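The values are calculated or read from the model by the stated rules, or taken from the named source; none is laboratory data. As the structure is a computational prediction, the values presented were derived from the model and not from experiment. Counting neighbours? That spans all protein chains shown, and the Cβs are built from the backbone with ideal geometry, glycine included.
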């Protein structure tokens, strides 16, 4: 696959993710794919684990807005510099900047590493969301 096709695959991933289409998200990843929030938790491996990790963090949001800044693609690598707005039903909103680096082969994402300022997220997130994440999704959402 060429650079333009790989860029389109990355863009389709974002569309699925911000629509909270977790099956669509999973369909974009190779069986041995790895997703990592660099500096945070161990990586999620495989399509279902990746979709479940995203559902845990993003599922409780009331609305997400994607504000891409730049998308750089060369060969099998696609870099997206973007801001995600996370809106919560309890009124909080977090504007969280990321640099996302994906490696794509044969039409599937094989590696995705997110680089962000995690304290920005943790300082602004509602307490109930942090408790929900830390519990692995077992505490109730208010």
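In region 16-47, the residue that is surrounded by the most Cβ atoms within 10 Å (Cβ to Cβ) out of those that are in contact with a strand residue (DSSP E or B) (Cβ under 9 Å, 6 or more places away or on another chain) and in a helix (DSSP H, G or I) is 47.
Among the residues of region 99-108, are any under 15 Å from residue 38 (Cβ atoms) and assigned to a loop (DSSP other than H, G, I, E, B)? Walk me through how you get there before you give the answer.
Of the residues in region 99-108, the ones under 15 Å from residue 38 (Cβ atoms) are 99-103.
After this cut, where a residue has to be assigned to a loop (DSSP other than H, G, I, E, B) as well, the list is none.
No: region 99-108 contains no residue that is under 15 Å from residue 38 (Cβ atoms) and assigned to a loop (DSSP other than H, G, I, E, B).
Whether any residue in region 56-66 is in a helix (DSSP H, G or I), touching a residue at least 24 places away in the same chain (Cβ under 8 Å), closer than 21 Å to residue 134 by Cβ and touching a strand residue (DSSP E or B) at 6+ places or on another chain (Cβ under 8 Å) is what I want to check. Give the steps one after another, and end with the answer.
Taking region 56-66 and keeping what is in a helix (DSSP H, G or I), we get 56-58.
Imposing the further condition that a residue be touching a residue at least 24 places away in the same chain (Cβ under 8 Å) reduces the set to 56-58.
Filter again for closer than 21 Å to residue 134 by Cβ, leaving 56-58.
Right, trim to touching a strand residue (DSSP E or B) at 6+ places or on another chain (Cβ under 8 Å) and you get 58.
So far as region 56-66 goes, yes, one or more of its residues are in a helix (DSSP H, G or I), touching a residue at least 24 places away in the same chain (Cβ under 8 Å), closer than 21 Å to residue 134 by Cβ and touching a strand residue (DSSP E or B) at 6+ places or on another chain (Cβ under 8 Å).
Remark: pairs (first residue in region 114-139, at positive phi and at pLDDT below 95; second residue surrounded by fewer than 16 Cβ atoms within 10 Å (Cβ to Cβ) and not in a loop (DSSP other than H, G, I, E, B); Cβ separation under 8 Å; 6+ apart in sequence or on different chains) = 136/56; 137/56.
Among the residues of region 116-142, how many are assigned to a loop (DSSP other than H, G, I, E, B) and under 20 Å from residue 64 (Cβ atoms)?
Of all residues in region 116-142, those assigned to a loop (DSSP other than H, G, I, E, B) come to 117, 125-126, 135-142.
Right, trim to under 20 Å from residue 64 (Cβ atoms) and you get 117, 125-126, 137, 141-142.
Residues in region 116-142 being assigned to a loop (DSSP other than H, G, I, E, B) and under 20 Å from residue 64 (Cβ atoms): 6 in total.
Is it fair to say residue 99 is touching a strand residue (DSSP E or B) at 6+ places or on another chain (Cβ under 8 Å), touching a residue at least 12 places away in the same chain (Cβ under 8 Å), under 20 Å from residue 15 (Cβ atoms) and crowded, with 18+ Cβ neighbours inside 10 Å? Here the answer is no, as residue 99 does not meet what is asked. Counting only residues that are out of contact with any strand residue (DSSP E or B) (no Cβ under 6 Å at 6 or more places or on another chain) and either surrounded by 15 or more Cβ atoms within 10 Å (Cβ to Cβ) or over 30 Å from residue 138 (Cβ atoms) (or both), region 67-90 holds 4 of them. Give the residue that is farthest from residue 72 (Cα to Cα), with candidates limited to residues of region 1-17 that are out of contact with any helix residue (DSSP H, G or I) (no Cβ under 6 Å at 6 or more places or on another chain) and free of Cβ contacts under 8 Å to residues at least 40 places away in the same chain. Filtering first and then ranking leaves 15.
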